[in-house]
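The values are calculated or read from the model by the stated rules, or taken from the named source; none is laboratory data. Source: prediction; values computed, not measured. Note: ideal-geometry Cβ built from the backbone for every residue, glycine included; neighbour counts use all protein chains shown.
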Amino acid sequence: MAEFHPRDILEQVLENVKKVIVGKDDTIRKVICCWIAGGHVLLEDFPGSGKTMLARALAKSVQSNFKRVQFTPDLLPSDILGSFILDQQKQEFRFLKGPIFTTFLLGDEINRATPRTQSALLEAMGEGQVTIEGRGFPLAELFFVLATQNPIEQHGTFPLPEAQLDRFMMKLSLGYPTGAQEIQILKGMNEQHPIHSLGSVATEESIQRIHKLLPQVKVSDEVYNYAVRIVGSTRTSPDLKVGASPRATIALIRTSQALALSRGKSYVSPDQIFELAKPVITHRLVLTTEARLSGKQASQILDQLIQQVPVPTGHNEG
């Protein structure tokens with residue numbers, strides 16, 4: 001039997017997605033790590049920056065079942081979850097599954113849906129199941145939501161409430177490409193979009209195997225303490241009305257284990273905690289009115305808090 005190498009598989013997936021998304025290796029790696037850590041990602045970026053293409057490329061790279069939902073103000077929870085319909089021939093109700101019954105769900109422009117429809121995702125993202133008319137329906141083992149929202153369009157949008165934001169393991173951004181990267185994109189699309197010729201390089205089974213390996217990535221007490229102190233500092237900051245919850249600490253450890261695994265490491269180092277703290281924590285913070293009016297940003301406040309937490313020294317593999 002061939003030896004199983006998680007790092008090689010994840011690198012192949014990364015390289016494959018890079019054929020479609022140019023110059024965003026770091027963000028792609030974080031999205032992949034979030035998936036194998038069992039979390040979900042919120043991508044906030046400007047229109048046309050490649051959010052949808054990233055989702056499609058990642059799903060195609062691992063032969064994953066993929067569905068897309070365009071969120072609009074008139075979208076109903078049943079449009080996502082599904083509903084019971086009457087079978088006229090059998091004279092009985094049967095359940096018609098909605099698009100949430102997939103492995104990879106792209107929720108496009110999630111902040112355009114009403115809070116009621118947004119909340120339809122809460123149970124699915126938190127518990128891996130949905131409840132419809134009192135009956136529970138389990139979702140795919142690797143169920144993953146990649147939701148997008150545009151930061152500049154406020155008309156007709158409904159900001160995601162704290163409870164919904166807290167369900168996302170990470171909030172990321174692709175940003176604009178450099179001039180050289182944009183030229184590379186244009187050349188690559190000269191004949192057809194590279195997404196059309198993209199093949200698969202891994203399977204859901206291999207991703208599931210990697211997911212099950214995460215608990216084997218060692219975390220020392222010093223690293224646990226470092227993560228807890230970073231998250232805890234957000235709860236005592238005078239600039240923050242709401243700090244990060246224990247869910248954020250769990251997410252920080254899990255994604256750090258995934259990041260270590262993707263780099264061929266058997267243990268989590270403080271560097272990985274430091275690298276992932278902002279994408280894992282920032283979107284969970286709520287500023288005080290005074291901090292907001294004074295022009296402060298959550299990312300700036302978190303930066304200052306992280307700098308005040310001593311980095312463990314003399315770290316070993318735990």
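Conditions (1) under 19 Å from residue 103 (Cβ atoms); (2) part of a loop (DSSP other than H, G, I, E, B), marked per residue:
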residue	(1), (2)
15	no, no
22	no, yes
34	yes, no
55	yes, no
60	yes, no
63	yes, yes
73	no, yes
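Applying the condition of being in contact (Cβ under 8 Å) with a residue 24 or more places away in the chain and part of a strand (DSSP E or B) to the range 98-132 and asking which residue is surrounded by the fewest Cβ atoms within 10 Å (Cβ to Cβ) yields 132.
Annotation note: of 94, 68, the sole residue that is without any contact (Cβ under 8 Å) to a residue 12 or more places away in the chain and in a strand (DSSP E or B) is 94. Can you name the condition, by its number, that residue 286 falls short on among (1) modelled with pLDDT under 95; (2) under 19 Å from residue 32 (Cβ atoms)? Of (1) modelled with pLDDT under 95; (2) under 19 Å from residue 32 (Cβ atoms), only one is false for residue 286: (2).
If you go through the range 23-57 and keep only what is among the aliphatic types (A, V, I, L, M), in contact (Cβ under 8 Å) with a residue 40 or more places away in the chain and crowded, with 19+ Cβ neighbours inside 10 Å, you end up with 31, 32, 36, 37, 41, 42, 43, 54, 55, 57. Residue 78 fulfils the conditions (1) surrounded by fewer than 18 Cβ atoms within 10 Å (Cβ to Cβ); (2) not in a helix (DSSP H, G or I) except for a single criterion, (2).
Residue-by-condition table, conditions (1) under 22 Å from the mean Cα position of the chain (by Cα); (2) loosely packed, with under 11 Cβ neighbours inside 10 Å; (3) not assigned by TED's automatic domain parsing to the domain that holds residue 285:
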site	(1), (2), (3)
171	yes, no, yes
175	yes, no, yes
178	no, no, yes
184	no, no, yes
194	no, no, yes
197	no, yes, yes
203	yes, no, yes
211	yes, no, yes
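Might you let me know whether the range 224-242 holds any residue that is closer than 26 Å to residue 104 by Cα and of a type in the set (D, E, K, R)? Within the range 224-242 (the criterion being closer than 26 Å to residue 104 by Cα and of a type in the set (D, E, K, R)), the answer is no, since none of the residues qualifies. Counting the residues of the range 81-91 that are surrounded by 13 or more Cβ atoms within 10 Å (Cβ to Cβ), hydrophobic (A, V, I, L, M, F, W, C) and outside any helix (DSSP H, G or I) gives 1.
When residue 243 is tested against (1) closer than 30 Å to residue 5 by Cα; (2) modelled with pLDDT of 90 or more; (3) of a type outside the set (Ser, Thr, Tyr), exactly one condition is not met: (1).
When residue 141 is tested against (1) touching a residue at least 12 places away in the same chain (Cβ under 8 Å); (2) more than 24 Å from residue 27 (Cβ to Cβ); (3) not in a loop (DSSP other than H, G, I, E, B), exactly one condition is not met: (3).
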